[in-house]
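The structure under discussion appears below in the form of C-alpha cells.
The values are calculated or read from the model by the stated rules, or taken from the named source; none is laboratory data. Not measured: the values here are computed from a predicted model. In this analysis, Cβ positions are derived from the backbone assuming ideal geometry, glycine residues included, and neighbour counts consider all displayed protein chains.
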Amino acid sequence: MANARLLYDAFIALYALSVVLFFVDAVHPRRALNRSALALLFTSFVLETVFFLDRLQTSGAVPVLTSFDALSLVAWMILAVTLVVDAFFRVHLVLFMANLTGFAMAAFAVFRPMGAVYHAPEGDLLYLHIGFALLSYTAFAFAFVFSLMYLIEHRFLREKRWNRWHFRSPPLDVLERLAYRSIILGLPLLLVAMVLGTIWGKLTVGRFVYLDPKLFSTTLLWGMYGVSLLLRVRSGWSGPRLVGYNVVCFSAVIVNLVVVGSFSLFHRV
Amino acid sequence: MHIIAVGLNHRSAPVEIRERVSVPEDALEAVLSAFRNTRTLLESVIVSTCNRTEVYAVVGSARAGRDYLRTWFARRGGDEAARHLYIHEDQEAARHLMRVASGLDSLVLGETQILGQVRDAYLAAEAAGNTGALLNQLFRRAIRVGKRAQAEAGIGQNPVSVSYAAVQLVRKVFGDLRGKRVLVVGAGKMSRLTAQHLFAAGIAQMQVCNRTLARAEALAAVFGATPLPWTALEDGLAQADVVISSTGAEGFVIGADMARRALARRGRRPVVVVDIAVPRDVDPAVGELGQVYLYDIDDLEGVVAANLAERERLAREVERMIAEALREYGHWLAEQEVVPLIAAIRARGEAIQASVMDSIGRKMPGLSDRERELLQKHTMSIVNQLLRDPVKNMKELAISGEAPLDVFARVFGVTDEDLRRHRDAALWPEAEAGAGGGLSELVRHWGDALRRDGRPRDADAPGALRPALR
C-alpha cells in the first residue's frame with residue numbers, strides 16, 4: 001500500500017512537472033523544453049501504468065470500481081491518447097491542454113480514498129459497464145479540451161490578439177470538428193454503459209432500479225450532450241455558444257462522476 | 001586550404017552596383033569556366049540573385065583568393081563595387097552560406113526562395129566541374145540546414161505581406177479552404193492580390209461584386225468566378241464564408257443592418273470579413289455581430305508585425321541549427337585532414353609488407369602458392385593489427401583537436417610530400433582515377449590491401465566485410 005502511494009505520488013509529481021514545462025514551452029517555445037516535457041509525460045504514463053498493474057496484482061480485482069480509480073483511469077487514457085497522437089502529429093497546445101485536464105483529474109483523485117477494494121457480484125458485466133462509462137468520459141474530456149481551446153482562440157481572434165496561442169493553436173474549424181466528433185464518440189459509449197449498468201442492477205438486486213440519483217443524472221447528462229449534437233447536426237457548425245455549452249456539459253460529467261456518485265446506492269465506493 | 005566567401009548584397013550595396021556585378025544565367029557557364037581555369041580558385045560556386053552576388057571558393061592562399069575575387073568584382077562593377085564587398089573566411093564563410101540558405105540573410109527574414117537559388121547555384125557549379133569535396137560537403141550541409149529551417153523551425157510559414165496575412169487569418173478560422181465561398185467586393189489591385197492568394201490556398205467558389213459590373217466581370221474572368229451586380233451585394237454576403245472588400249467608396253458599403261440581415265440567412269456558420277480599403281468599406285459595428293470575424297488594414301498590419309516577431313524568434317532557433325551543422329562540418333574537415341595522414345601511414349605499412357614478401361620470395365624460392373598466400377595473409381595481418389589502434393586514436397584526437405597531426409606524421413616518418421599526395425587523392429577525386437575521396441577512399445584503400453592477403457577477390461560474398469573492417 002505504501003509502495004502504491006509512493007508510486008502514485010511520484011506519478012503526480014512528474015505529471016505536474018511535465019504540465020508546467022509544457023506551459024513554459026507554450027509561452028516561450030524551446031525545443032529542449034518541449035522534449036523534456038514529453039519525456040516526463042511518457043515517464044509519468046509508465047509510472048501510472050505500473051501503479052495500476054501493481055494494484056491489480058495486490059488487490060486481485062480490476063481497479064475500476066472506486067471514484068479514485070475512475071478519475072485516475074480517465075487521466076491514464078488521456079495520457080495514452082495524447083502520447084500516441086503526438087507520436088504521429090505535432091499537436092502542441094492540444095497536448096498541453098489535454099494533459100492539464102488529465103492532471104486535474106489525477107490530482108483530484110488524490111483526495112478520494114485510494115485503498116478501497118470492492119468485490120462486486122456479476123463482476124464482468126460491472127467491469128464492462130464501468131469501462132464503457134470511463135471511455136465515454138474520456139471522449140467527453142477531449143470534447144471539453146477542444147471546446148475550451150475553441151473559446152480561447154475565438155476570443156483572441158475577436159479581440160485581435162496575435163500572441164503565441166494564435167501561432168500554435170489549430171484553426172477554429174478543426175477544433176470545432178474535433179469537439180463534435182468526440183461527442184459523437186462519447187454519446188453511444190455512455191448509452192451502452194447505461195444499458196449495461198441497468199442490466200447489472202437488475203441481475204444484482206433482482207429488479208430494475210429507477211430511483212437511483214446516478215441513473216437520473218447520467219440520463220440528464222446524456223440528454224445534455226444529445227442536445228449539443230442535435231443542434232450541431234442541424235446547423236453544421238457549433239458557434240461559441242454551443243461550444244460553451246459543451247464546456248458546461250463536461251462540468252456536469254465531473255459532478256456526475258464525483259458528487260452524484262456519493263448519493264447513489266451503487267456508485268458510492 | 002581555405003574557404004572564402006566574397007560578395008555583396010542588398011545591405012552592403014545599392015541596386016545599381018548589384019545589377020552590374022550580377023551574373024545572368026546565360027553568362028554563368030562562362031564565368032564558372034574562367035574560375036575553373038584559374039589556379040587561384042580550387043573550387044568555386046557563384047550565387048547570384050536580385051539581392052546578392054556571392055562567390056564561394058576554396059583557395060590555397062586566402063590572400064591570393066581574396067585579391068583575385070576582389071579584382072573580379074571590380075572588373076564587373078567598377079572600383080566602387082569593390083568598396084561594397086564583404087569577405088568571410090573559413091568558419092565565417094561556412095556560417096554565412098548557411099545563413100543565406102536558411103533565409104536569415106535575406107531582405108525578408110526567412111523567405112524560402114533563396115534556398116532554391118542556392119541549390120541551383122550549387123548544382124550548376126557541380127555540373128560544370130567547379131566543385132570538389134570541400135564545397136560539395138559545405139553546400140549539401142547548407143542546403144540541408146535551409147530545409148530544416150523551413151520544415152522544422154517553419155521560419156517561412158508566417159506571412160509578412162498584408163494580402164497573405166488576410167489568408168492566414170481566414171485559415172485560422174476555417175483551416176482547410178476547399179469548398180469555401182469567397183465574395184470579393186471591389187475590383188481593385190488589392191482585391192485581385194488577395195483573391196489570388198485565396199485561390200492558391202484552395203478556395204473553390206468566388207463571386208465578384210463591383211459598382212461597375214464590367215469591372216466585376218473582368219476580374220471574375222481571371223479567376224473563373226461569378227460576377228455579381230452591385231444590387232446583389234446582400235445576397236452575396238449571405239452566401240459567402242469569406243468577404244474581401246477593397247472599394248474606393250467614401251463611406252461604408254457594408255453597413256451593420258445589411259450584415260445583420262444577411263447573417264440571419266446563413267445560420268450559425270461564421271464569416272470572415274477582411275476590409276482592406278482605406279477609407280474602410282465595412283462598418284466596425286459589423287464586427288460586433290456574432291460569428292463575424294472582421295479585420296481591417298491595421299489589423300492585418302498587426303498580424304504582419306506579429307509574424308515578423310515570430311520569424312525573429314524562429315531565427316534564433318535556426319542559428320542553433322546552423323551552429324550544430326557548422327560543428328559537424330568542422331568534424332568532417334578534421335577527418336579530412338587526418339585521412340591523408342592515415343592513408344600515408346597505411347601506405348608505408350603496405351610498402352614494408354610488400355618488401356618483406358619480396359625478400360622472402362627471393363630467399364625461399366621453393367615456396368608453393370599456398371604457402372605464399374599464407375605468408376602474405378599473416379604479414380598483412382601484422383600490419384593491420386599494429387596500425388588499428390593508432391589509426392583509431394589519431395582520428396579521435398584529430399576530431400577533438402587534442403593533438404597536432406604533424407606529431408603523428410613525424411612519429412611514423414611521413415614526409416610532407418607523402419601527405420600532399422594522399423591529400424590530393426582524398427580531396428580531389430578527379431586527381432586519381434578510381435579514388436573516392438575522404439574516408440571512403442581510405443576504406444577502399446584498406447579493402448584493397450586486405451584483398452591482397454592472398455585470398456581470391458571473389459572468395460567472399462559480395463558486400464561482406466573482412467574481420468578488420470567489421
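Structural remarks
- Candidate set from the range B:377-389 (those that are modelled with pLDDT under 90 and closer than 12 Å to B:Ala354 by Cα); member that is surrounded by the most Cβ atoms within 10 Å (Cβ to Cβ): B:Met380
- For the range B:227-234, the condition of being at pLDDT 90 or above, within 30 Å of A:Arg90 (Cα to Cα) and touching an Asp or Glu at 6+ places or on another chain (Cβ under 6 Å) holds for none of the residues.
- Test for B:Ala34: is it more than 28 Å from B:Glu335 (Cβ to Cβ), surrounded by fewer than 20 Cβ atoms within 10 Å (Cβ to Cβ), among the aliphatic types (A, V, I, L, M) and free of Cβ contacts under 8 Å to residues at least 12 places away in the same chain: yes
- Number of residues in the range B:77-87 that are surrounded by 16 or more Cβ atoms within 10 Å (Cβ to Cβ) and free of Cβ contacts under 8 Å to residues at least 60 places away in the same chain equals 1.
- Answer from B:Gly132, B:Gly156 - the residue that is under 28 Å from the mean Cα position of the chain (by Cα) and within 30 Å of B:Thr38 (Cβ to Cβ): B:Gly132
- When we screen A:Ser67, A:Ser59 for residues that are more than 28 Å from A:Arg164 (Cβ to Cβ) and surrounded by 20 or more Cβ atoms within 10 Å (Cβ to Cβ), the only hit is A:Ser67.
- Count of residues meeting criterion [farther than 28 Å from A:Gly239 by Cα and either within 14 Å of chain A (Cβ to nearest Cβ) or among the aromatic types (Phe, Trp, Tyr) (or both)] in the range B:184-230: 2
- Of all residues in the range A:204-257 being basic (Lys, Arg) and more than 20 Å from the chain's Cα centre (by Cα), the one that is farthest from the other protein chains (Cβ to nearest Cβ): A:Arg207
- Within the range B:88-121, restricting attention to residues that are in contact with a Leu (Cβ under 8 Å, 6 or more places away or on another chain) and over 17 Å from B:Ala325 (Cα atoms), the residue that is surrounded by the most Cβ atoms within 10 Å (Cβ to Cβ) is B:Gly110.
- Of all the numbered requirements in (1) closer than 30 Å to A:Asp25 by Cβ; (2) out of contact with any Leu (no Cβ under 9 Å at 6 or more places or on another chain); (3) surrounded by 21 or more Cβ atoms within 10 Å (Cβ to Cβ), A:Leu215 misses one, and that requirement is (1).
- Counting residues in the range B:18-28 that are in contact with a Cys (Cβ under 9 Å, 6 or more places away or on another chain), within 25 Å of B:Glu111 (Cα to Cα) and part of a helix (DSSP H, G or I) gives one or more.
- Among the residues of the range A:157-167, those identified as over 26 Å from the mean Cα position of the chain (by Cα), under 21 Å from B:Gly290 (Cβ atoms) and either part of a helix (DSSP H, G or I) or facing chain B (nearest Cβ under 8 Å) (or both) are A:Leu157, A:Arg158, A:Glu159, A:Lys160.
- Taking the range B:186-206 as the range and being under 29 Å from the mean Cα position of the chain (by Cα), crowded, with 19+ Cβ neighbours inside 10 Å and hydrophobic (A, V, I, L, M, F, W, C) as the test, only B:Leu198 passes.
- Among residues that are over 30 Å from B:Ile155 (Cα atoms), modelled with pLDDT of 90 or more and surrounded by 17 or more Cβ atoms within 10 Å (Cβ to Cβ), A:Leu178 is not included.
- Condition check for B:Val208: aliphatic (A, V, I, L, M) and within 30 Å of A:Phe167 (Cα to Cα): no
- Residues (more than 14 Å from chain B (Cβ to nearest Cβ) and either closer than 28 Å to B:Val304 by Cα or buried (at least 22 other Cβ atoms within 10 Å of the Cβ) (or both)) located in the range A:135-156: A:Ser136, A:Tyr137, A:Thr138, A:Ala139, A:Phe140, A:Ala141, A:Phe142, A:Ala143, A:Phe144, A:Val145, A:Ser147, A:Leu148
- Selection of the range B:287-306 for residues being more than 8 Å from chain A (Cβ to nearest Cβ), over 19 Å from A:Arg241 (Cα atoms) and in contact with a helix residue (DSSP H, G or I) (Cβ under 9 Å, 6 or more places away or on another chain) yields B:Asp296, B:Ile297, B:Leu300, B:Glu301, B:Val304.
- Subset of the range B:152-170 [surrounded by 18 or more Cβ atoms within 10 Å (Cβ to Cβ) and either polar (S, T, N, Q) or within 11 Å of chain A (Cβ to nearest Cβ) (or both)]: B:Ala153, B:Asn158, B:Ser163, B:Ala165, B:Gln168, B:Leu169, B:Val170
- The range B:249-271 - residue that is within 13 Å of chain A (Cβ to nearest Cβ) and under 26 Å from B:Gly188 (Cα atoms) and, of those, surrounded by the fewest Cβ atoms within 10 Å (Cβ to Cβ): B:Leu263
- Residues located in the range B:171-183, provided they are within 13 Å of another protein chain (Cβ to nearest Cβ), surrounded by fewer than 21 Cβ atoms within 10 Å (Cβ to Cβ) and among the basic types (Lys, Arg): B:Arg171, B:Arg178
- Residue count for the range B:53-100, restricted to those that are in a loop (DSSP other than H, G, I, E, B) and of a type in the set (A, V, I, L, M): 1
Residue-wise test of (1) within 14 Å of chain B (Cβ to nearest Cβ); (2) of a type in the set (D, E, K, R).
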{"position": "A:His28", "(1), (2)": "yes, no"}
{"position": "A:Leu33", "(1), (2)": "yes, no"}
{"position": "A:Ala37", "(1), (2)": "no, no"}
{"position": "A:Leu40", "(1), (2)": "no, no"}
{"position": "A:Thr43", "(1), (2)": "no, no"}
{"position": "A:Thr49", "(1), (2)": "no, no"}
{"position": "A:Asp54", "(1), (2)": "no, yes"}
{"position": "A:Thr66", "(1), (2)": "no, no"}
